[in-house]
Amino acid sequence: MRRPIVAGNWKMHGSRADNARLVEELIAGHPDRAAAEFLVLPPFVYLQEVGRLIRDTPIQMGAQNVCAEAQGAFTGEVSAAMLKDVGCGYVLVGHSERRWIYHEDDQLVARKFAAAQSKALVPILCVGEHLWDRENGRTEEVVARQLDVVLELCGVEALNSGIIAYEPIWAIGTGRTATPEQAQAVHAFIRERIAGRDAKIAAATRVLYGGSVKASNAAELFAQPDVDGGLIGGASLNAEEFLAILAACGSR
Ligand code: PEP
């Protein structure tokens, strides 16, 4: 049984005051027995403070990015050990905004995955295709390549403590969501690809969907057999909406 996850990627939004308000509302509205793990991914500079705000609550925290190097002269970077030190349990690697705006390639993303695990952070590996890939029938080819590079570098066993998020780039922040059938097809493909290396690990790996998930479409996406929760951008900045998405996991 895979316990679903609902993770909120705040991207580069918010302020100390906004975060305090949002976290207060999330804590107040979080159910005693949620069907899913619930986590927030604030910008680096707010991690420590958000960590303090969520202490002793069921809400968990992760970061949006991590340096592939352990420490040293890497101005502007933040290491896995630092994230662990301020209370992170998770970290995104390979979000499409990192891949496409900041030119992070598959190899770098795989090294970030390994760096996170070396400090006992759970990496959430984001994979997903551009619209032109989908329109040219290359969705599986792109997703397989992004996944395989990590499996080659880290080994399939790395997925025992790793998560995958399928995020079609054409659905991120666009209001255009993959249909439940489109999401399920790619999630099943990801699971089969992992099963090619280890069927047991494939069956246990959590694969989240991300891309314009809202309270109004979450339940039908999460009802798909291979969708194990969601990575939520815009809608995670609104407590009512974000909590309604969490509640949609209960309707699986
Ligand atoms: C994301 O940031 O990973 C994301 C899925 O964003 P949105 O939900 O806004 O599409």
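For the reader, a short list of remarks on this structure follows.
- Annotation note: of 171, 120, 115, the sole residue that is of a type in the set (A, V, I, L, M), more than 14 Å from residue 193 (Cα to Cα) and within 16 Å of the ligand (Cβ to nearest atom) is 171.
- Boolean, residue 201 is at pLDDT 95 or above, more than 16 Å from the ligand (Cβ to nearest atom), crowded, with 20+ Cβ neighbours inside 10 Å and more than 24 Å from residue 28 (Cα to Cα): no
- The residues of segment 112-143 that are surrounded by 15 or more Cβ atoms within 10 Å (Cβ to Cβ) and of a type in the set (A, V, I, L, M, F, W, C), listed by number, are 113, 114, 115, 116, 121, 122, 124, 125, 126, 127, 142, 143.
- Some residue of segment 136-149 being closer than 21 Å to residue 6 by Cβ, within 16 Å of the ligand (Cβ to nearest atom) and within 17 Å of the chain's Cα centre (by Cα): no
- First in segment 95-107 and within 13 Å of residue 167 (Cα to Cα), second anywhere and modelled with pLDDT under 95, Cβ under 7 Å, 6 or more apart: 96/172
- Candidates 80, 35, 73, filtered to the one that is among the hydrophobic types (A, V, I, L, M, F, W, C), at pLDDT 95 or above and either crowded, with 20+ Cβ neighbours inside 10 Å or under 18 Å from the mean Cα position of the chain (by Cα) (or both): 80
- Filter result (more than 17 Å from residue 172 (Cβ to Cβ), touching a strand residue (DSSP E or B) at 6+ places or on another chain (Cβ under 6 Å) and polar (S, T, N, Q)) within segment 118-147: none
- Only one entry of 41, 26 meets the criterion of being away from the ligand (no atom under 16 Å from the Cβ), within 26 Å of residue 162 (Cβ to Cβ) and in contact (Cβ under 8 Å) with a residue 12 or more places away in the chain, and that entry is 26.
- Some residue of segment 185-195 being surrounded by fewer than 21 Cβ atoms within 10 Å (Cβ to Cβ), within 15 Å of the ligand (Cβ to nearest atom) and in a helix (DSSP H, G or I): no
- Against the conditions (1) within 17 Å of residue 5 (Cα to Cα); (2) part of a helix (DSSP H, G or I); (3) within 15 Å of the ligand (Cβ to nearest atom), residue 220 satisfies every one except (3).
The values are calculated or read from the model by the stated rules, or taken from the named source; none is laboratory data. In this text, all values refer to a predicted model and were calculated from it rather than measured experimentally. Neighbour counts are summed over all protein chains in view; Cβ atoms, including those assigned to glycine, are modelled from backbone coordinates with ideal geometry.
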